[in-house]
Structures are given as C-alpha cells and as structure tokens.
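*Asks:* This is the structure, below, for whatever I ask next.
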Amino acid sequence: MKIKRWLSGITAALVIVGMFTSCSAGDPVMTFGKSHITENQFVYWLCSYKGIYLNTYTDMEDTAAHYRSKLDNGMTVEEYLFDSTVDNISMTLICSELFREAGLKVPEAVEEAVDEYIADLLKNYADGNKNTLNAALGKYGINMNMLKEVCLMQEINDLMFAYTYGENGVNTVTDTDRQQYYEDNYCRVRQIYVNNSYEYETDEDGYLKTDENGNYIINAMSEENKAAKDKTIGIIDAAIKAGEDFEEIYETYSEDHFYANGYYLTHTIDYISDVVKASFELEVGEITRVDSAYGVHFLMRLPLDEGAYNNPDNADFFADFEEDLRNKLFTDYIESYIPEVVVDYDIISKYSIEEAAVNNRF
C-alpha cells in the first residue's frame with residue numbers, strides 16, 4: 001500500500017480541521033495548553049479521516065485483511081492510519097490553542113455562513129427535523145451543536161494560516177525559504193522525446209478530430225510510422241551510448257522543445273509517473289531511458305538553477321509554488337508543537353480506523 005501522512009497543510013480543509021476550547025460532551029482525550037479535544041470529537045474525526053483515506057488512496061480497502069496487512073515500515077495499515085490521524089488531530093488542537101493565545105476571533109460573517117450551512121442540512125437532509133439530523137450525526141459521535149463547533153473550528157484553521165503565513169501574515173516568507181523549498185522538492189531534467197505510440201486522427205482537411213466530449217481522437221500508430229519512429233529512437237540510443245552531446249541530440253531529434261530550460265518536476269506533479277520517478281533517481285548529468293504509454297523519453301538530470309521559480313519561462317511548473325511553500329511552512333510550524341500535546345491513549349485506544357463509521361457527508 002502506498003501511503004503517506006496527511007500533514008499536507010491548510011488547503012486540505014477536511015484533513016486539518018481546527019477547534020475551540022471545547023464545551024462538547026465527552027471526556028477530554030487530547031490537551032494542549034488550555035484547549036482540548038473531547039472523546040466525541042475524536043470519534044467524529046476518526047470517521048471523517050476514514051472517509052478521506054478511502055476516497056484518496058486507490059489501494060485502500062475497507063477490509064479486516066487490509067487493515068492488518070503490513071507496510072514497508074513494519075507497521076500495519078491500521079497502526080499507521082491511526083497514528084497519522086492522531087497526529088493530524090493534534091495539529092487541529094494546536095491550531096486552536098495558538099489561535100486563542102493570539103487573541104484572534106472568528107469573524108461574524110464566518111459564523112453566519114456556518115449557521116446557514118447547518119440550516120441547509122436541517123432543511124434539505126432532514127426535512128427540518130432536528131431529531132433526524134442528530135440521529136445521522138450520532139453515527140459519528142456528534143450532534144448539531146457539536147457540528148457547529150467543528151465547522152467553526154475548521155474555519156479557524158484558515159484564519160490561523162492567514163494570520164501566520166498568509167500574504168499579510170506575521171511570519172515573513174524569505175527568498176532563503178523559497179530557494180530551500182525549491183531545492184528540497186524539485187528536480188530539473190532535459191527530455192528527448194519521441195512518440196512511437198499513438199497518432200491523432202484528422203479529417204480530410206487535416207484538422208484534428210474530436211469526440212463527443214471535445215477530446216482529440218487518438219489511435220494506435222500505424223506500423224509504417226512506428227517503424228520510422230523506432231529507427232529515430234535507435235539513432236538516439238546509439239548517439240547517447242557513443243557519448244555525443246545530449247543537447248545536440250535534443251535539438252536534432254526531440255519532438256518536445258516546449259521548455260527551453262527543461263522540466264522542473266516534483267514528486268506530486270501531474271505528469272507521467274514513470275518519467276517523474278526515473279528523473280528523481282538520476283544523479284546530475286546522468287542519463288536514462290523511459291518507455292511509457294506515450295512514447296520513449298531520454299532523460300538527463302540537470303542542476304537546479306537558482307531562482308527558477310521567478311522566471312516567467314518556467315511558469316507552468318511553478319504556478320502553485322508560493323502557495324505550496326506557505327502551506328509547508330505553516331504545517332511545519334504547527335507540527336513542531338506535536339510533542340507537547342497530551343494524549344489519553346487509555347481512552348482513544350478503544351477506537352480504530354477499521355471499526356469507525358465512514359463519514360463522507362458531514
């Protein structure tokens with residue numbers, strides 16, 4: 001199972017949800033400063049995280065065998081997901097306490113929006129019957145009043161982020177932060193690409209044809225065309241093995257000349273996964289070949305150039321750079337307080353991801 005911790009920053013609104021110093025029913029199970037999380041709230045988040053995991057990880061299965069299966073780190077899936085959930089709930093608790101200590105308040109407009117959301121649930125989900133809505137929420141350990149708390153605290157998370165690492169936040173994002181994030185998360189490659197896999201269907205006038213959804217129609221490449229492409233690939237292979245200049249081969253044979261400075265890749269970029277994986281495994285100056293469903297890619301890893309995120313020519317690769325950086329800084333900041341959170345494991349060990357109800361609705 002390929003899995004990672006859900007410590008992904010403020011943009012994952014369902015992942016890190018904040019809360020006030022609570023007056024909810026249930027015993028406190030987690031405490032930080034003057035803020036705490038109750039047993040009821042813990043159950044709610046356990047159910048909510050289970051829904052997130054099931055909807056996020058393609059290899060996640062809601063079966064006893066899967067929860068008991070071992071990951072590469074030696075933990076069972078249940079152990080790993082449970083610990084990850086506790087860490088993330090700890091972060092919500094930390095957010096709420098730091099928010100309180102900073103003397104911040106939830107704006108009236110935000111509270112009104114939460115009231116409207118719950119009123120809409122009551123009307124459209126429960127036909128105006130509070131007992132019906134409370135019964136539905138009870139499956140996840142909460143009632144309508146607790147739901148309002150949870151929703152308001154989720155907004156606190158956004159407010160806390162804006163206060164600390166937003167564009168006008170109290171913590172300044174420096175060029176050193178930017179360069180460090182860039183170096184830690186990006187690799188740069190030059191790609192010689194030859195498509196020997198598919199071709200676009202054209203009409204009698206030579207225009208690309210589309211299907212009913214507006215997508216270009218793609219067909220397997222004809223044997224004749226594929227043979228020609230494979231011949232070119234053979235020439236490239238031989239030139240690289242002979243030690244010829246990679247840039248000259250690129251200029252002569254590559255069908256991809258879109259990015260003069262190369263591709264700037266991250267592990268999470270929406271690009272061909274085999275290409276991304278291979279790129280990060282290369283040393284600077286090293287070359288490899290990847291055969292994908294899209295054709296053949298000859299990759300050379302290039303050294304990172306300073307300040308590439310500020311170059312307009314590279315904009316396609318850095319559209320979310322500033323936001324991702326601020327989220328990372330905020331997450332690291334909140335996460336640093338986790339060792340100070342007091343957790344009552346005697347209580348929470350009664351629960352598990354496996355046995356939790358799946359909350360995809362509230």
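*Asks:* Express the Stokes-Einstein translational diffusion coefficient of the range 161-231 in µm² s⁻¹, to the nearest whole number, given a Kirkwood radius over alpha-carbon pairs, 4 °C and a viscosity of 1.567 mPa s. Walk me through the numbers on the way to the answer.
*Replies:* Numbers: Rh = 17.3 Å.
Reported coefficient: 75 µm²/s.
*Asks:* Rank 157, 114, 86 by how far each Cα sits towards the positive end of the charge dipole of the range 84-194 (+1 on Lys, Arg Cβ; -1 on Asp, Glu Cβ) and give me just the farthest.
*Replies:* Checking the options against the dipole of the range 84-194, the answer is 86.
*Asks:* Additional query: Cut-off 10 angstrom, C-alpha nodes, Gaussian network model of the chain. Which of 215, 314, 185 fluctuates the most?
*Replies:* Highest fluctuation among the options: 215.
*Asks:* Need one number: nm distance between label points at residue 87 and residue 179, each 7 Å from Cα along Cα→Cβ, rounded to one decimal.
*Replies:* Roughly 3.0 nm, to one decimal.
*Asks:* Starting from the Cα-Cα distance between residue 119 and residue 323, subtract it from 0.36 nm times their residue separation and give me the gain in nm to one decimal. Walk me through the numbers before you get to the answer.
*Replies:* Details: separation 204, 0.36 × 204 = 73.44 nm, distance 3.27 nm.
Extra length available between residue 119 and residue 323 comes to 70.2 nm.
*Asks:* Give the shape of the range 123-265 as rounded, prolate or oblate, defined through the alpha-carbon gyration tensor: a ≥ b ≥ c are the square roots of its eigenvalues, a/c under 1.5 means rounded, and otherwise the shape is prolate if a/b is larger than b/c and oblate if not.
*Replies:* oblate
*Asks:* For the range 331-337, what does the Karplus curve 6.51 cos²θ - 1.76 cosθ + 1.60, with θ = phi - 60°, yield as ³J(HN,Hα) per residue in whole Hz, taken in order and with x for Gly and Pro?
*Replies:* Per-residue couplings from phi come out as 4, 4, 4, 5, 4, 5, 8 Hz.
*Asks:* Checking the a/c ratio against 1.5 first, then a/b against b/c, what shape does the Cα gyration tensor give for the range 231-362?
*Replies:* Prolate is the answer for the range 231-362, as a/c is 1.5 or above and a/b outweighs b/c.
*Asks:* With springs only between Cα atoms under 10 Å apart, run a GNM on the chain and tell me which of 288, 164, 252 wobbles the most.
*Replies:* Looking only at 288, 164, 252, the largest GNM fluctuation is found for 252.
*Asks:* Rank 253, 186, 163 by mean-square fluctuation in a GNM of the chain with C-alpha springs under 10 angstrom and give only the top-ranked residue.
*Replies:* Per the Cα network of the chain with a 10 Å cutoff, 253 tops the list.
*Asks:* Going by accessible area, probe 1.4 Å, with all protein chains left in place, what is the ranking of 342, 275, largest first?
*Replies:* 342, 275
*Asks:* Work out the length of the dipole vector of the range 200-281 about its Cα centre, built from +1 on the beta-carbon of each Lys and Arg and -1 on the beta-carbon of each Asp and Glu, and round it to the nearest 20 debye.
*Replies:* That gives the range 200-281 a dipole magnitude of about 320 debye.
*Asks:* With each label point set 7 Å from Cα along the Cα-Cβ vector, what nm distance links residue 361 and residue 286?
*Replies:* About 5.2 nm separates the two model spin labels.
*Asks:* In whole Hz, what ³J(HN,Hα) sequence does the range 73-85 give by Karplus (6.51, -1.76, 1.60; θ = phi - 60°), x for Gly and Pro?
*Replies:* With coefficients 6.51, -1.76 and 1.60, one gets 7, x, 7, 6, 4, 4, 4, 5, 5, 5, 4, 4, 5 Hz.
*Asks:* Step through the residues of the range 90-100 one at a time and calculate ³J(HN,Hα) from phi using the Karplus curve (6.51 cos²θ - 1.76 cosθ + 1.60, θ = phi - 60°), rounding each to whole Hz and writing x for Gly and Pro.
*Replies:* Taking θ as phi minus 60°, the curve returns 4, 5, 5, 5, 4, 4, 5, 6, 5, 4, 5 Hz for the range 90-100.
*Asks:* Same structure again: Assuming 0.36 nm per residue, please report the length gained on full extension of the stretch residue 167 to residue 213 beyond their Cα-Cα distance. Don't skip to the end; give the middle numbers.
*Replies:* Values: separation 46, 0.36 × 46 = 16.56 nm, distance 3.89 nm.
Computed gain between residue 167 and residue 213 is 12.7 nm.
*Asks:* Rounded, prolate or oblate: which fits the range 65-176 when a ≥ b ≥ c are the square roots of the eigenvalues of the alpha-carbon gyration tensor, with rounded for a/c under 1.5 and prolate only if a/b beats b/c?
*Replies:* Oblate shape, in that a/c is at least 1.5 and b/c is the bigger or equal ratio.
*Asks:* Report the Stokes-Einstein translational diffusion coefficient (µm² s⁻¹, integer) for the chain, Rh taken as the Kirkwood radius over Cα pairs, at 20 °C with viscosity 1.002 mPa s.
*Replies:* Rounded to a whole number, D works out at 88 µm²/s.
*Asks:* Oh, and also: Quick one: if you stick a label point 7 Å off each Cα along the C-beta vector at residue 248 and residue 273, how many nm between them?
*Replies:* 3.9
*Asks:* Roughly how many debye, to the nearest 20, is the charge dipole of the chain about its Cα centre, given +1 on each Lys and Arg Cβ, -1 on each Asp and Glu Cβ, and no other charges?
*Replies:* On the way: 28 positive and 66 negative charges, 289 e Å.
With only Lys, Arg, Asp and Glu charged at Cβ, the dipole is about 1380 debye.
*Asks:* Residue 241: which lysines have alpha carbons under 21 Å from its alpha carbon, excluding same-chain residues fewer than 8 sequence positions away?
*Replies:* Excluding near neighbours in sequence, the set is 229, 231.
*Asks:* Which of 48, 271, 181 sits farthest toward the positive end of the charge dipole of the chain, with +1 on the Cβ of Lys and Arg and -1 on the Cβ of Asp and Glu?
*Replies:* It is 48, whose Cα lies furthest towards the positive end.
*Asks:* Which residue, chosen from 280, 198, 60, occupies the Cα position most advanced towards the positive end of the dipole of the chain, where the dipole is computed from +1 (Lys, Arg) and -1 (Asp, Glu) charges on Cβ about the Cα centre?
*Replies:* After comparing all options, I get 60.
*Asks:* Return the calculated 222 nm mean residue ellipticity for the chain, to the nearest 500 deg cm²/dmol, obtained by summing -39500 (n - 2.57) across DSSP H runs with n ≥ 4 and dividing by the residue count.
*Replies:* For the chain, the value works out to -14500 deg cm²/dmol.
The values are calculated or read from the model by the stated rules, or taken from the named source; none is laboratory data. This is a predicted model, so every value here is computed, not measured. All Cβ positions, glycine included, derive from the backbone under ideal geometry; neighbour counts span all protein chains shown. Heavy atoms of the whole protein, side chains included, go into the accessibility calculation; ligands, DNA and RNA do not. Shrake-Rupley method; radii C 1.70, N 1.55, O 1.52, S 1.80 Å.
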